[in-house]
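Worksheet for the structure shown next.
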Amino acid sequence: MAGQAVEFYRQAFQSSPGDARAHGNLGRALLEAGRVDEAVEQCAEAARLDPASAEAQYQLGVALSRKGEGKKAARQFDLALELKPDFAAAHYALGVVCQEQGRMPEALKHWREAARLAPQWPEPLNNLAWVLATDTRDPFRAGAEAVELASRAVALAGTNNARVLDTLAAAYAEAGRFEQASATARQAEAAATAQGQSELVGQLRRRLEIYNSSRPYRQPASAR
């Protein structure tokens, strides 16, 4: 399917080589197909042809992030937000880059803004809740808020989403609600098993042992 999309957009691009949108569409298709270097080239050309497009700057940031060029990606997300301050996806993506660079206060700020701008989107809620529940640094943790945010994420993503259930379990544990943490972790494990997420199943089982011993889970901050 991804390869078909690449060919479709490549044909459109060939008929309109100076069209920024054609470059952008081809770039997204290439990224979906895992052809990251080519995607960066096409997204960069789209951003060059239409420098006032927040979407084009954002898509270049996404491609650069996938390539592992976090600093360049952050600059593109910043530019997208200069052009469109209420761009929820750019706030979320910039938060992820900030987290990867160890700039956690900035990451939390951008995830909070993404959650405010897109209240029906579970991803920023889930990332926020995970950090507030599990970060090794005391100033970032807030169990009650983590439970509230994670509960909202579960309501949006569904009770068969193992990842958000994992976050809710960690939030319950941080709040000292260990029975609920264990029950939710078992629910997450069942969902992950049903979906063939073997790596997550192993992680959940290890976390369940921690909750069963009435301890919260801790790890260096990471996006969910």
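Of the listed requirements (1) modelled with pLDDT of 95 or more; (2) surrounded by 19 or more Cβ atoms within 10 Å (Cβ to Cβ), Asp86 misses just one: (2). Checked against the criterion of being over 28 Å from Ala157 (Cα atoms) and among the aliphatic types (A, V, I, L, M), the candidates Ala46, Ala74, Ala80, Ala33 yield just one match: Ala46. Only one of (1) over 25 Å from Glu32 (Cα atoms); (2) in contact with a Phe, Trp or Tyr (Cβ under 9 Å, 6 or more places away or on another chain); (3) among the charged types (D, E, K, R) fails for Asp138. Which number is that? Only one criterion in (1) over 25 Å from Glu32 (Cα atoms); (2) in contact with a Phe, Trp or Tyr (Cβ under 9 Å, 6 or more places away or on another chain); (3) among the charged types (D, E, K, R) is unmet by Asp138, namely (2).
Got at least one residue in the range 173-194 being closer than 16 Å to Asn127 by Cα, touching a helix residue (DSSP H, G or I) at 6+ places or on another chain (Cβ under 6 Å) and among the hydrophobic types (A, V, I, L, M, F, W, C)? Taking every residue of the range 173-194 in turn, none turns out to be closer than 16 Å to Asn127 by Cα, touching a helix residue (DSSP H, G or I) at 6+ places or on another chain (Cβ under 6 Å) and among the hydrophobic types (A, V, I, L, M, F, W, C).
Of the residues making up the range 154-176, at least one is over 20 Å from the mean Cα position of the chain (by Cα), surrounded by fewer than 19 Cβ atoms within 10 Å (Cβ to Cβ) and either touching a residue at least 60 places away in the same chain (Cβ under 8 Å) or not in a helix (DSSP H, G or I) (or both). Using the structure shown, decide if Glu179 is modelled with pLDDT of 95 or more, surrounded by 20 or more Cβ atoms within 10 Å (Cβ to Cβ), assigned to a helix (DSSP H, G or I) and not hydroxyl-bearing (Ser, Thr, Tyr). Spelling it out, it is not the case that Glu179 is modelled with pLDDT of 95 or more, surrounded by 20 or more Cβ atoms within 10 Å (Cβ to Cβ), assigned to a helix (DSSP H, G or I) and not hydroxyl-bearing (Ser, Thr, Tyr). Selection over the range 100-123 of residues that are over 19 Å from Ala150 (Cβ atoms) and in contact with a Lys or Arg (Cβ under 9 Å, 6 or more places away or on another chain) gives a count of 1.
The residues of the range 182-197 that are buried (at least 24 other Cβ atoms within 10 Å of the Cβ) and either touching a residue at least 60 places away in the same chain (Cβ under 8 Å) or not β-branched (Val, Ile, Thr) (or both), listed by number, are Ala185, Ala188, Ala192.
Exactly one residue out of Ala74, Ala56 is assigned to a helix (DSSP H, G or I) and within 18 Å of Gly27 (Cβ to Cβ), and it is Ala56. Within the range 95-137, which residues are in a loop (DSSP other than H, G, I, E, B) and either modelled with pLDDT of 95 or more or buried (at least 17 other Cβ atoms within 10 Å of the Cβ) (or both)? Ala118, Pro119, Gln120, Trp121, listed by residue number.
The values are calculated or read from the model by the stated rules, or taken from the named source; none is laboratory data. The model shown is predicted, which means the values in this text are computed figures rather than measured ones. Neighbour counts are summed over all protein chains in view; Cβ atoms, including those assigned to glycine, are modelled from backbone coordinates with ideal geometry.
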